Amino acid sequence: MGGDHLWDAASAIGEIIGAIAVVISVIYLAVQVQKQTEETKLSATRDLASLGDQVIDRINSDLKLTAIYRNAVQNYDELSDDERLWAALIFQRFTRVMEQQVLHLKKENSDPIYFESFRRVYFEGVRFPGYQQWWVNSADLFSDEFQDYVNKLIVDANAKGYESTFKKPV
């Protein structure tokens, strides 16, 4: 009978060791999932940053395009048809990048610090009167939630006031 107690004790010790091993495994998996989540956020943030950079690179790739952009942000409605089409596509692309930023942040798939930095750049863009002229006729290209987001930014931008960075010194 004494041997049965030893086997019971050994079995209990084995169960305790097994339970500890399970707990350690679960903790290890949780750490790995957290690391993978952070890596995914960083990857999404890098991808979104790259998209924003591509828009800026496109504007800067040619002095003629830079001049069209400068005129578009000041008075979109006064551009020629071809210039307005080019500007509309640039505005749409940049705004689509921002919409993706907002979606990724909402789903907690991007870095909030980077988002805030990008939001500030976008905020400066919505301050331009030409961008606001474009938005009036283009907002319906975007989700209702994002339209609300941009409309609030425009209200905030207008409250802040606008001073062109492109004005020639007097």
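Looking across the stretch 75-94, just one residue is closer than 14 Å to Ser138 by Cβ, surrounded by fewer than 18 Cβ atoms within 10 Å (Cβ to Cβ) and of a type in the set (Gly, Ala, Ser), and that is Ala88. Of all residues in the stretch 47-69, those satisfying the criterion of being open to solvent by less than 90 Å² (accessible area, probe 1.4 Å), modelled with pLDDT under 80 and either of a type in the set (A, V, I, L, M) or under 24 Å from the mean Cα position of the chain (by Cα) (or both) are Leu48, Ala49, Ser50, Leu51, Gly52, Asp53, Gln54, Val55, Ile56, Ile59, Ser61.
Taking (1) over 28 Å from Asp62 (Cβ atoms); (2) buried (at least 20 other Cβ atoms within 10 Å of the Cβ); (3) not acidic (Asp, Glu) in turn, Asn151 satisfies each apart from (2).
Taking the numbered list (1) without any contact (Cβ under 8 Å) to a residue 40 or more places away in the chain; (2) open to solvent by 80 Å² or more (accessible area, probe 1.4 Å) in turn, Leu141 passes all entries but (1).
Restricting attention to the stretch 105-138, the residues that are touching a residue at least 60 places away in the same chain (Cβ under 8 Å) and open to solvent by 70 Å² or more (accessible area, probe 1.4 Å) total 2. The set of residues from the stretch 80-102 being in contact (Cβ under 8 Å) with a residue 24 or more places away in the chain and not charged (D, E, K, R) comprises Ala87, Ala88, Ile90, Phe91, Gln92, Phe94, Thr95, Val97, Met98, Gln100, Gln101, Val102.
Regarding Ala44, is this residue at pLDDT below 80 and in contact with a Ser or Thr (Cβ under 6 Å, 6 or more places away or on another chain)? Write out each step before concluding.
Details: at pLDDT below 80: yes; in contact with a Ser or Thr (Cβ under 6 Å, 6 or more places away or on another chain): yes.
Yes; evaluated as a whole, the condition is true for this residue.
Where helices (runs of 4 or more DSSP H) sit wholly within the stretch 79-148, those with at least 3 residues that are modelled with pLDDT of 90 or more occupy 81-106, 129-138.
The values are calculated or read from the model by the stated rules, or taken from the named source; none is laboratory data. On a predicted model such as this, the values are computed, not experimentally measured, just so you know. All Cβ positions, even for glycine, are placed from backbone atoms using ideal geometry, and neighbour counts span all protein chains on display. Surface accessibility is based on the protein's heavy atoms, side chains included, excluding ligands, DNA and RNA. Shrake-Rupley method; radii C 1.70, N 1.55, O 1.52, S 1.80 Å.
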